[in-house]
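Only one structure is covered here, and it is reproduced in the block below.
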Amino acid sequence: MHGHVDHATFLQQISSFLGFYYIALAAMNGIAALAIWRGGRSKTLFRVGPLTFTNALLWTVVAFFFLLMAPLAMSGSEPLMRWVSMPDAFKHAADAVMGPVAYSLGSFLILAVLFSFRKFFVKTWVAWLGLNLSFLFMGLSITDPDFAAIVTKPDNVPIVGLIFLLGFFTWLATAKAVKNDERIARGEKPLEAVDNEKILVWPDLVYTELICMVALTALLLLWGIALQAPLEEPASSVKTPNPSKAPWYFLGLQEMLVYYDPWMAGVVLPSVVIVGLMAIPYIDFNRRGNGYYTINERKFAYVIFQFGFLVLWVTLIVMGTFLRGPNWNFFGFYETWDVHKVVPMNNVDLSEYFWIRGLGREMPRAPEGSGAGLELLYILWREAPGIILLIGYFTVIPPAMVVYSKFFRNMYLKMGLIRFMVMSHLLLLMGLLPIKMVCRWSFDLKYFIAIKEYFLNF
Amino acid sequence: MASISDIIRESQIWKSIFRHPMPIDRRNRIVVMLTNFFLHLHPVSIKKQGIALSYTWCMGGVTFFLFLVETVTGVLLMFYYRPTVELAFQDITNLRDVMAMGVLREIHRWGAHAMVITVWLHMYRVFLTGSYKPPREFNWVIGVVLLLLTLLLSFTGYLLPWDQLAIWAITVGSNMARATPFLGHEGPGAALLTLDGRNMITQVSDARFGLLAARIVGEETLNRFYVLHCVFIPLVVALLLAIHFWRVRKDGGISTPL
């Protein structure tokens, strides 16, 4: 988007916004420090010699730090703004490391670490530090024209908002769940059960609603005035833009097209998502954890849902939106979207692995002039490895889960046959995506079953 | 001497509209909830945690409010916008550059994005608090349908500006329907559906054609999406919303610990 302006002009353009951005961050930390100090919640974090660092002091120091950055950012001059920009060395390193594998595995690992050490990460000061760091990352990165182009594209702004909102609400819910889990372990009731007498809807609820409506209206008006809705050139069915992207909320599905053909990525898997979501209340037999935040009382359901929502849905949308450029090639955060970037793709079907590379034979093929029935038999024979694998996946694993895992055996006994089968198959269908991703990354697998003759590639 | 506000509140007109005194005491705070049409959606009293912002995140309410905003701004935009290939883009450009209340389009579009996000967050909260568990199972199912309809509302509206962003997003988004098993002409199994040796599922009879009303995104599609976006889906959503809210009450209100 900023491709047509030179770097100095670009810096000029963003400098005033960036200056106010850092002032806002300084104010945010200053207010936090003041609130902690006045509220008497000041705690000693560490001591350096005679100096005692309390959390109020820490956030004051952070506020001053941001306050120093503001004039540098507002200057709009290249040498000064270098001080508030991400170092080039970091940017090059980040782009070099980043790829679909590093991004997908990295997001998964980060979320896994956050979950495993949730007791630490939900602490207010840790979360506040994390928020500050993510804002700092945004600020330092936005002086990069390529980063700015993808983040400030009008229709991408909501996704930036989504990331921060999800971060905040996930923190909030996890913090409450951790607290409740500690209480439940001590034999106390969850926090939601305390101080829960009935109150009148007028005035307590209707006033909240009124304030909410006024605030939202104001927010939408400001948003509408400050940021113009995107409008590109008039529609032309002959000029195909590159990349052509679906609306942002479907970009997770479009990203799945890298791994699956459209009939899976665009039709079957989305339907499974919808049906699977609807099935949740009927397969979750656990009666605990209704009406309060908890993780330990329903860990399995919690982890599966978070994996599906945060990892498979949201991070794929973020990748499809921000990191997929022309020809759906992967581009790092600070990389220019180059239409001519060439990425070698030598994906191999499972049948080819089996017949040609494994057995050193030719692929089975029906003799010339044979009928459709015989041809089909040969196709099935050719794709037998994938077909057997797939049938095995759906028929062997569910009973194996019951036989070999005590956890799933208990589940089976409580759920009964039908509910357990529905649950395990939904789980296996969901697993198809990460499994295919890993197979693609590790040995360039194209299709498990490749019946191109009938559009049945899987 | 009676003040003006007293005179108004003692008048027959006022009393015919509001059938009770100001809700400043307990009795009238209950009466107001029972006699006011707009408030009767609510119960009279509620568990304190059920309205704690840190518990509910207010996301269901925000989503509903955004639906109302979209309805109001959408109806206002309909007064101006003409859904034809020749005029649609020009009307949107005029809304941006010429029309006094052109900001309505911005509010409508940002509100739509916001609604997709808040409906996800609402689902997220309902899951995390286990609120889909009995007796609220079926309301969760209705909620999933509403989530899908929200996405479809946004998707059908995406085409209406008739710019490059619009038609190519819809083209890419609907291309997948070509590959619907059995029902798309490039889908697995479609070749099996034949009648007298001829394929039943072709480019002009498959699922994508049903969605677009044409082989490529064209004026038939614009008309179809316009009607879906402005009339059909909002009506279905309104009906399901009514059931969704009604069931929140009937299933025992917002979930709290037993």
If you go through the stretch A:8-16 one residue at a time, do you hit one that is in contact with a strand residue (DSSP E or B) (Cβ under 8 Å, 6 or more places away or on another chain) and more than 30 Å from residue A:436 (Cβ to Cβ)? no
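With within 18 Å of residue A:300 (Cα to Cα) and hydroxyl-bearing (Ser, Thr, Tyr) as the only criterion, which of A:124, A:143, A:174 stands out?
Values: A:124 fails: within 18 Å of residue A:300 (Cα to Cα); A:143 fails: within 18 Å of residue A:300 (Cα to Cα).
The unique qualifying residue is A:174.
Consider the stretch B:227-250. How many of its residues are touching a residue at least 60 places away in the same chain (Cβ under 8 Å) and among the aromatic types (Phe, Trp, Tyr)? Reasoning before the result, please.
At the first step, the residues of the stretch B:227-250 found to be touching a residue at least 60 places away in the same chain (Cβ under 8 Å) are B:228-230, B:233-234, B:236-237, B:240-241, B:243-245, B:247-249.
Now narrow it down to the ones that are among the aromatic types (Phe, Trp, Tyr): B:245.
The total comes to 1.
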Positions within the stretch A:78-125 being within 21 Å of the chain's Cα centre (by Cα) and either within 26 Å of residue A:65 (Cβ to Cβ) or of a type in the set (S, T, N, Q) (or both), in sequence order: A:94, A:104, A:107, A:110, A:114, A:116, A:121, A:122
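Tell me, which helices (runs of 4 or more DSSP H) wholly within the stretch B:91-184 include 3 or more residues that are aliphatic (A, V, I, L, M) and in contact (Cβ under 8 Å) with a residue 12 or more places away in the chain? Step through it out loud before you land on a result.
Details: elements: B:103-128, B:137-159, B:164-175.
Qualifying helices (runs of 4 or more DSSP H): B:103-128, B:137-159.
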Could you check residue B:153 against (1) buried (at least 23 other Cβ atoms within 10 Å of the Cβ); (2) aliphatic (A, V, I, L, M); (3) at the interface with chain A (Cβ under 10 Å from one of its Cβ atoms) and say which number it fails? (3)
Qualifying residue in the stretch A:176-184 (condition: among the polar types (S, T, N, Q) and either under 18 Å from residue B:57 (Cβ atoms) or in contact with a strand residue (DSSP E or B) (Cβ under 7 Å, 6 or more places away or on another chain) (or both)): yes
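Kindly check whether there is at least one residue in the stretch A:224-244 that is over 17 Å from the mean Cα position of the chain (by Cα), acidic (Asp, Glu) and surrounded by fewer than 18 Cβ atoms within 10 Å (Cβ to Cβ).
Residues of the stretch A:224-244 over 17 Å from the mean Cα position of the chain (by Cα): A:224-244.
Going one step further and asking which of them are acidic (Asp, Glu), we end up with A:232-233.
Those left that are additionally surrounded by fewer than 18 Cβ atoms within 10 Å (Cβ to Cβ): A:232-233.
Checked the stretch A:224-244: at least one residue is over 17 Å from the mean Cα position of the chain (by Cα), acidic (Asp, Glu) and surrounded by fewer than 18 Cβ atoms within 10 Å (Cβ to Cβ).
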Quick one: which helices (runs of 4 or more DSSP H) sit completely within the stretch B:1-79 and have at least 1 residues that are at the interface with chain A (Cβ under 7 Å from one of its Cβ atoms) and surrounded by 12 or more Cβ atoms within 10 Å (Cβ to Cβ)? B:26-35, B:53-56, B:59-78
What helices (runs of 4 or more DSSP H) lie completely within the stretch A:311-420 and have 1 or more residues being farther than 30 Å from residue A:162 by Cβ? A:372-382, A:384-404, A:406-415
Scanning the stretch B:110-142 for residues that are surrounded by fewer than 20 Cβ atoms within 10 Å (Cβ to Cβ), more than 7 Å from chain A (Cβ to nearest Cβ) and not β-branched (Val, Ile, Thr) gives B:134, B:135, B:138
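Coordinate-derived values only; no laboratory data. Because the structure is a prediction, the values reported are computed rather than measured. So basically every Cβ, Gly included, is an ideal-geometry build from the backbone, and we count neighbours across all protein chains shown.
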